[in-house]
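S.K.: Questions regarding the structure given below will be posed in turn.
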Amino acid sequence: MALNHAEPHLRRVEDVLIPKIMREKARERCSEQVQDFTKCCKDSGILGVVKCQKENSALKECLTAYYNDPDFHEECKMEYLKQREEFRKTGIPTKKRLRKLPTSM
């Protein structure tokens, strides 16, 4: 049986890649909470765990909202499938392809 590369099906090993994309994108979208928590921890030193509970809770709440959003999951899945399709066409991983783009256009 021939495998159709255009079909948007995921192999079991690819299931871990979508949550990875979700984590990266959620951290970008929750950047304000990430910055607040990071600053609090830097300012509090070893007591950060105790002193930064408010910032940690806000960060967790923001991230969890994205992790539990089915539309966000679908968006990340489609992004992964697009990257996979490009890789199958070019043989170049996304990160390397982005580095090879000309800088002066």
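S.K.: So what are the ³J(HN,Hα) numbers for the range 81-87, from phi and the Karplus equation (6.51, -1.76, 1.60; θ = phi - 60°), rounded to whole Hz, Gly and Pro as x?
M.R.: 4, 5, 4, 5, 4, 4, 4
S.K.: Kirkwood Rh over Cα pairs of the range 1-92 into Stokes-Einstein at 37 °C, 0.692 mPa s: D in µm²/s?
M.R.: 213
S.K.: Show me, for the range 34-47, the HN-Hα J-couplings you get by feeding each phi into the Karplus relation (A = 6.51, B = -1.76, C = 1.60, θ = phi - 60°), rounded to Hz, glycine and proline as x.
M.R.: Once θ is set to phi - 60°, the couplings for the range 34-47 become 4, 5, 4, 5, 4, 4, 4, 5, 5, 6, 8, x, 5, 8 Hz.
S.K.: Of the listed pairs Lys20/Lys54; Lys20/Lys60; Lys20/Lys42; Lys25/Lys77; Lys25/Lys51, which have alpha-carbon separations greater than 22 Å here?
M.R.: Beyond 22 Å: Lys20/Lys54; Lys20/Lys42; Lys25/Lys51.
Laboratory data are not the source of any read-out in this text; all were calculated from the coordinates shown. Note that the coordinates shown come from a computational prediction; the quantities given were computed from them, not determined experimentally.
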